[in-house]
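Following: one structure in C-alpha coordinates, then a few remarks.
The values are calculated or read from the model by the stated rules, or taken from the named source; none is laboratory data. The structure presented is a predicted model; accordingly, all values stated were derived computationally and were not measured. Please note: Cβ atoms are built from the backbone with ideal geometry, for glycine as well, and neighbour counts cover all protein chains shown. Side chains included, ligands, DNA and RNA excluded: accessible areas come from the protein's heavy atoms. Shrake-Rupley method; radii C 1.70, N 1.55, O 1.52, S 1.80 Å.
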Amino acid sequence: MEIINLEGTEDTPKIILDKGNGIFEISGRSLPEDSAEFYAPILDWLDAYSKAPNPETEFVFKLEYFNTASSKLILDILSKLEDISGITVQWYFHEDDEDMEEAGEEFSELVDIPFEFKTY
Amino acid sequence: MKYIYDLHKTMLARNLILVYEGEFTQEITKSVLAMAERNMDSMGEESSIKRKVFNVMVECLQNIVKHGEDFNPFNEKKNSAVFMIGKQETEYIITSGNPVNEETVPKLREKLERINSLDKDGLKKLYKEIIKNADLSEKGGAGLGFVDMARKSGQPLQFDFEKMDDNHYFFSLKTTISREQA
(Lines give C-alpha, C1' and ligand atoms only; values in the text may rest on other atoms or scores of the structure.)
Protein backbone atom coordinates (compact mmCIF):
# COMPACT_ATOMS: atom_id res chain seq x y z
CA MET A 1 0.00 0.00 0.00
CA GLU A 2 1.20 3.52 -0.68
CA ILE A 3 2.60 5.45 2.27
CA ILE A 4 1.11 8.80 3.18
CA ASN A 5 3.68 11.10 4.68
CA LEU A 6 2.65 14.73 5.02
CA GLU A 7 4.85 17.31 6.68
CA GLY A 8 3.04 19.47 9.20
CA THR A 9 2.53 23.16 8.53
CA GLU A 10 1.28 26.02 10.69
CA ASP A 11 -2.31 25.09 9.81
CA THR A 12 -2.20 21.42 8.81
CA PRO A 13 -1.06 18.39 10.82
CA LYS A 14 1.78 15.99 10.18
CA ILE A 15 0.32 12.70 8.98
CA ILE A 16 2.01 9.34 8.55
CA LEU A 17 0.05 6.34 7.36
CA ASP A 18 2.42 3.45 6.75
CA LYS A 19 0.93 -0.03 6.74
CA GLY A 20 4.27 -1.81 6.21
CA ASN A 21 5.91 -0.26 9.27
CA GLY A 22 2.69 -0.14 11.27
CA ILE A 23 2.78 3.62 11.79
CA PHE A 24 -0.48 5.54 11.84
CA GLU A 25 -0.18 9.01 13.27
CA ILE A 26 -1.75 12.45 13.06
CA SER A 27 0.01 15.18 15.03
CA GLY A 28 0.37 18.93 15.34
CA ARG A 29 -2.13 21.59 14.41
CA SER A 30 -5.20 21.20 12.27
CA LEU A 31 -7.01 24.31 11.10
CA PRO A 32 -6.96 24.07 7.31
CA GLU A 33 -9.08 26.41 5.26
CA ASP A 34 -10.99 23.47 3.81
CA SER A 35 -10.82 20.54 6.19
CA ALA A 36 -12.98 18.22 4.05
CA GLU A 37 -10.62 18.66 1.11
CA PHE A 38 -7.54 18.25 3.28
CA TYR A 39 -8.72 15.01 4.91
CA ALA A 40 -10.31 13.42 1.81
CA PRO A 41 -7.12 11.47 0.82
CA ILE A 42 -6.77 10.25 4.42
CA LEU A 43 -10.32 8.91 4.44
CA ASP A 44 -9.75 7.24 1.05
CA TRP A 45 -6.55 5.65 2.33
CA LEU A 46 -8.37 4.29 5.38
CA ASP A 47 -11.12 2.84 3.17
CA ALA A 48 -8.49 0.89 1.27
CA TYR A 49 -6.60 -0.09 4.44
CA SER A 50 -9.75 -1.37 6.15
CA LYS A 51 -10.15 -3.97 3.39
CA ALA A 52 -6.84 -5.62 4.34
CA PRO A 53 -5.65 -4.24 7.68
CA ASN A 54 -2.72 -5.41 9.81
CA PRO A 55 -3.75 -7.81 12.63
CA GLU A 56 -3.28 -4.90 15.04
CA THR A 57 -3.50 -1.17 14.36
CA GLU A 58 -2.43 1.48 16.84
CA PHE A 59 -3.68 4.80 15.59
CA VAL A 60 -2.00 7.78 17.25
CA PHE A 61 -3.55 11.21 17.62
CA LYS A 62 -1.07 13.70 19.05
CA LEU A 63 -2.74 16.98 18.33
CA GLU A 64 -1.76 20.27 19.78
CA TYR A 65 -4.79 22.05 18.41
CA PHE A 66 -7.67 21.43 16.02
CA ASN A 67 -10.54 23.66 14.91
CA THR A 68 -14.20 22.63 14.90
CA ALA A 69 -14.28 21.83 11.17
CA SER A 70 -11.36 19.43 11.75
CA SER A 71 -13.13 17.86 14.72
CA LYS A 72 -15.89 16.75 12.36
CA LEU A 73 -13.30 15.11 10.10
CA ILE A 74 -11.55 13.49 13.06
CA LEU A 75 -14.87 11.88 13.92
CA ASP A 76 -15.15 10.71 10.29
CA ILE A 77 -11.68 9.14 10.59
CA LEU A 78 -12.64 7.44 13.86
CA SER A 79 -15.83 6.12 12.28
CA LYS A 80 -13.74 4.48 9.57
CA LEU A 81 -11.41 3.00 12.19
CA GLU A 82 -14.43 1.45 13.91
CA ASP A 83 -14.67 -1.07 11.07
CA ILE A 84 -11.11 -2.30 11.56
CA SER A 85 -10.59 -5.22 13.91
CA GLY A 86 -7.62 -5.02 16.26
CA ILE A 87 -7.81 -1.22 16.37
CA THR A 88 -6.79 0.92 19.32
CA VAL A 89 -6.55 4.68 19.45
CA GLN A 90 -3.81 6.36 21.40
CA TRP A 91 -4.90 9.85 22.29
CA TYR A 92 -2.03 12.06 23.40
CA PHE A 93 -2.51 15.39 25.12
CA HIS A 94 -0.11 17.82 26.72
CA GLU A 95 -0.15 17.19 30.46
CA ASP A 96 -1.72 20.55 31.30
CA ASP A 97 -4.15 20.55 28.37
CA GLU A 98 -7.48 19.57 29.89
CA ASP A 99 -9.41 20.67 26.82
CA MET A 100 -7.51 18.23 24.59
CA GLU A 101 -7.99 15.47 27.16
CA GLU A 102 -11.72 16.19 27.28
CA ALA A 103 -11.92 16.29 23.49
CA GLY A 104 -10.42 12.79 23.40
CA GLU A 105 -12.89 11.57 25.99
CA GLU A 106 -15.77 12.94 23.97
CA PHE A 107 -14.57 11.23 20.81
CA SER A 108 -14.19 7.98 22.72
CA GLU A 109 -17.84 8.27 23.77
CA LEU A 110 -18.94 8.76 20.17
CA VAL A 111 -17.30 5.67 18.66
CA ASP A 112 -16.89 2.07 19.66
CA ILE A 113 -13.09 1.86 19.77
CA PRO A 114 -10.75 1.35 22.74
CA PHE A 115 -8.94 4.59 23.59
CA GLU A 116 -5.72 4.83 25.55
CA PHE A 117 -4.95 8.26 26.97
CA LYS A 118 -1.36 9.38 27.23
CA THR A 119 0.35 12.62 28.12
CA TYR A 120 3.42 14.12 26.50
CA MET B 1 -3.79 63.85 11.47
CA LYS B 2 -5.47 63.94 14.88
CA TYR B 3 -7.34 60.69 14.14
CA ILE B 4 -4.08 58.80 14.49
CA TYR B 5 -3.64 60.02 18.04
CA ASP B 6 -7.35 59.42 18.75
CA LEU B 7 -7.12 55.86 17.47
CA HIS B 8 -3.99 55.32 19.52
CA LYS B 9 -5.74 56.63 22.65
CA THR B 10 -8.81 54.45 22.03
CA MET B 11 -6.64 51.38 21.66
CA LEU B 12 -4.77 52.16 24.87
CA ALA B 13 -7.96 52.96 26.77
CA ARG B 14 -9.50 49.66 25.75
CA ASN B 15 -6.26 47.73 26.20
CA LEU B 16 -6.40 46.50 22.63
CA ILE B 17 -3.31 44.51 21.81
CA LEU B 18 -4.32 43.79 18.24
CA VAL B 19 -6.77 45.33 15.80
CA TYR B 20 -7.24 44.19 12.24
CA GLU B 21 -9.65 45.74 9.78
CA GLY B 22 -9.97 44.64 6.19
CA GLU B 23 -10.24 41.57 4.07
CA PHE B 24 -10.18 38.20 5.84
CA THR B 25 -8.57 35.15 4.26
CA GLN B 26 -6.88 32.03 5.57
CA GLU B 27 -3.49 33.71 5.03
CA ILE B 28 -4.54 36.74 7.06
CA THR B 29 -5.95 34.42 9.72
CA LYS B 30 -2.58 32.70 10.05
CA SER B 31 -0.76 36.04 10.32
CA VAL B 32 -3.15 37.39 12.94
CA LEU B 33 -2.84 34.18 14.94
CA ALA B 34 0.95 34.30 14.76
CA MET B 35 1.01 37.92 15.95
CA ALA B 36 -1.34 37.27 18.84
CA GLU B 37 0.59 34.16 19.84
CA ARG B 38 3.88 36.03 19.81
CA ASN B 39 2.30 38.79 21.84
CA MET B 40 1.01 36.36 24.49
CA ASP B 41 4.34 34.52 24.54
CA SER B 42 6.29 37.70 25.11
CA MET B 43 3.99 38.58 27.99
CA GLY B 44 4.60 35.16 29.48
CA GLU B 45 0.96 34.13 29.38
CA GLU B 46 -0.07 30.82 30.93
CA SER B 47 -0.19 28.11 28.25
CA SER B 48 -3.70 26.92 29.11
CA ILE B 49 -5.04 30.48 28.76
CA LYS B 50 -3.06 30.95 25.54
CA ARG B 51 -4.61 27.81 24.06
CA LYS B 52 -8.15 28.95 24.88
CA VAL B 53 -7.56 32.40 23.38
CA PHE B 54 -6.00 30.80 20.29
CA ASN B 55 -8.98 28.48 19.99
CA VAL B 56 -11.56 31.27 20.16
CA MET B 57 -9.53 33.39 17.72
CA VAL B 58 -9.44 30.59 15.14
CA GLU B 59 -13.18 29.97 15.25
CA CYS B 60 -13.91 33.67 15.15
CA LEU B 61 -11.54 34.40 12.25
CA GLN B 62 -12.58 31.37 10.22
CA ASN B 63 -16.24 32.27 10.73
CA ILE B 64 -15.54 35.64 9.14
CA VAL B 65 -13.56 34.08 6.28
CA LYS B 66 -16.35 31.57 5.59
CA HIS B 67 -19.39 33.76 6.03
CA GLY B 68 -18.15 37.29 5.55
CA GLU B 69 -17.50 37.25 1.85
CA ASP B 70 -20.95 37.21 0.26
CA PHE B 71 -22.54 39.68 2.61
CA ASN B 72 -20.69 42.93 2.34
CA PRO B 73 -22.78 45.62 0.68
CA PHE B 74 -19.71 47.66 -0.23
CA ASN B 75 -18.47 45.75 -3.20
CA GLU B 76 -15.18 47.51 -3.50
CA LYS B 77 -14.42 46.41 0.04
CA LYS B 78 -15.56 42.86 -0.25
CA ASN B 79 -15.00 40.73 2.78
CA SER B 80 -14.23 43.69 5.02
CA ALA B 81 -14.61 43.06 8.72
CA VAL B 82 -12.95 43.92 11.99
CA PHE B 83 -11.21 41.74 14.57
CA MET B 84 -9.77 42.82 17.92
CA ILE B 85 -8.14 41.35 20.98
CA GLY B 86 -8.14 43.21 24.25
CA LYS B 87 -6.19 42.25 27.31
CA GLN B 88 -7.50 43.30 30.68
CA GLU B 89 -6.19 42.59 34.14
CA THR B 90 -8.44 39.56 34.54
CA GLU B 91 -9.46 38.54 31.03
CA TYR B 92 -8.87 38.52 27.30
CA ILE B 93 -11.65 39.93 25.14
CA ILE B 94 -11.91 38.68 21.57
CA THR B 95 -14.25 40.70 19.41
CA SER B 96 -15.23 40.63 15.79
CA GLY B 97 -17.64 42.49 13.57
CA ASN B 98 -18.80 41.71 10.07
CA PRO B 99 -21.76 42.53 7.82
CA VAL B 100 -24.46 39.88 7.47
CA ASN B 101 -27.58 39.62 5.35
CA GLU B 102 -30.83 40.60 7.00
CA GLU B 103 -32.29 37.08 6.50
CA THR B 104 -29.54 35.45 8.55
CA VAL B 105 -30.09 37.67 11.60
CA PRO B 106 -32.98 35.71 13.21
CA LYS B 107 -31.16 32.40 12.67
CA LEU B 108 -27.93 33.70 14.17
CA ARG B 109 -29.75 35.28 17.09
CA GLU B 110 -31.66 32.09 17.83
CA LYS B 111 -28.49 30.00 17.70
CA LEU B 112 -26.56 32.32 20.01
CA GLU B 113 -29.46 32.64 22.45
CA ARG B 114 -29.79 28.88 22.63
CA ILE B 115 -26.06 28.53 23.32
CA ASN B 116 -26.20 31.22 26.01
CA SER B 117 -29.09 29.45 27.73
CA LEU B 118 -27.03 26.29 28.26
CA ASP B 119 -24.68 25.41 31.10
CA LYS B 120 -21.41 23.47 30.76
CA ASP B 121 -23.09 20.06 30.45
CA GLY B 122 -25.77 21.40 28.12
CA LEU B 123 -23.08 22.79 25.80
CA LYS B 124 -21.22 19.49 25.86
CA LYS B 125 -24.41 17.67 24.92
CA LEU B 126 -25.18 20.12 22.12
CA TYR B 127 -21.61 19.80 20.79
CA LYS B 128 -21.87 16.02 20.62
CA GLU B 129 -25.30 16.18 19.05
CA ILE B 130 -24.11 18.53 16.29
CA ILE B 131 -20.86 16.70 15.56
CA LYS B 132 -22.69 13.36 15.28
CA ASN B 133 -25.41 14.60 12.97
CA ALA B 134 -23.92 17.48 11.03
CA ASP B 135 -22.46 17.31 7.59
CA LEU B 136 -20.07 20.05 6.68
CA SER B 137 -21.79 22.98 5.03
CA GLU B 138 -20.78 23.96 1.53
CA LYS B 139 -18.59 26.59 3.15
CA GLY B 140 -16.88 23.85 5.14
CA GLY B 141 -18.27 24.80 8.54
CA ALA B 142 -19.40 22.16 10.98
CA GLY B 143 -21.85 24.46 12.79
CA LEU B 144 -19.80 24.00 15.94
CA GLY B 145 -17.88 27.27 16.07
CA PHE B 146 -20.08 29.26 18.46
CA VAL B 147 -20.65 26.23 20.71
CA ASP B 148 -16.91 25.69 20.93
CA MET B 149 -16.28 29.38 21.67
CA ALA B 150 -18.87 29.32 24.45
CA ARG B 151 -17.31 26.18 25.92
CA LYS B 152 -13.80 27.61 25.90
CA SER B 153 -15.03 30.88 27.37
CA GLY B 154 -17.30 29.48 30.05
CA GLN B 155 -19.30 32.69 29.79
CA PRO B 156 -22.17 33.83 27.56
CA LEU B 157 -21.25 35.11 24.10
CA GLN B 158 -22.18 38.78 23.80
CA PHE B 159 -23.58 39.85 20.47
CA ASP B 160 -25.33 42.69 18.74
CA PHE B 161 -26.80 43.52 15.33
CA GLU B 162 -26.48 47.10 14.13
CA LYS B 163 -28.53 48.09 11.09
CA MET B 164 -26.34 49.16 8.15
CA ASP B 165 -28.93 49.55 5.38
CA ASP B 166 -32.19 47.89 4.29
CA ASN B 167 -30.63 44.49 3.73
CA HIS B 168 -27.60 44.35 5.98
CA TYR B 169 -26.72 44.28 9.63
CA PHE B 170 -23.36 44.59 11.29
CA PHE B 171 -22.89 41.53 13.50
CA SER B 172 -20.69 42.13 16.53
CA LEU B 173 -19.52 39.28 18.72
CA LYS B 174 -17.58 39.38 21.97
CA THR B 175 -16.03 36.41 23.76
CA THR B 176 -14.11 36.62 27.01
CA ILE B 177 -11.47 34.27 28.34
CA SER B 178 -10.71 34.61 32.01
CA ARG B 179 -7.03 34.93 32.94
CA GLU B 180 -7.69 33.53 36.36
CA GLN B 181 -7.19 29.78 36.57
CA ALA B 182 -10.45 27.97 37.11
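Here are some notes:
- Residue match in region B:103-124 (condition: hydrophobic (A, V, I, L, M, F, W, C), in a loop (DSSP other than H, G, I, E, B), within 14 Å of chain A (Cβ to nearest Cβ) and over 24 Å from B:MET11 (Cβ atoms)): no
- Screening the candidates A:SER85, A:SER50, A:SER71, A:SER108 for the property of being of a type outside the set (Asp, Glu) and either within 30 Å of B:ILE28 (Cα to Cα) or touching a Gly at 6+ places or on another chain (Cβ under 6 Å) (or both) yields one hit, A:SER71.
- The residues in region A:42-59 that are out of contact with any strand residue (DSSP E or B) (no Cβ under 7 Å at 6 or more places or on another chain) and either closer than 28 Å to B:PHE54 by Cβ or of a type outside the set (Ser, Thr, Tyr) (or both) can be counted, and the count is 11.
- Residue in region B:18-67 that is nearest to the other protein chains (Cβ to nearest Cβ), counting only those that are in a strand (DSSP E or B) and farther than 25 Å from A:SER35 by Cα: B:LEU18
- Within region A:9-22, the set of residues being open to solvent by 40 Å² or more (accessible area, probe 1.4 Å), under 19 Å from A:GLU37 (Cα atoms) and part of a loop (DSSP other than H, G, I, E, B) comprises A:THR9, A:GLU10.
- Long-range neighbours under 6 Å by Cβ, at least six apart or interchain, first residue small (Gly, Ala, Ser) within region A:61-76, second surrounded by fewer than 21 Cβ atoms within 10 Å (Cβ to Cβ): A:ALA69/B:GLY140
- Extreme residue, nearest to B:ALA150 (Cα to Cα), among residues of region A:94-120 that are in contact with a strand residue (DSSP E or B) (Cβ under 6 Å, 6 or more places away or on another chain) and hydrophobic (A, V, I, L, M, F, W, C): A:MET100
- Residues that are open to solvent by less than 60 Å² (accessible area, probe 1.4 Å) and away from chain A (no Cβ under 14 Å) occur in region B:135-158; there is at least one.
- Residue within region B:57-69 that is of a type in the set (Lys, Arg) and either open to solvent by 50 Å² or more (accessible area, probe 1.4 Å) or touching an Asp or Glu at 6+ places or on another chain (Cβ under 6 Å) (or both) present: no
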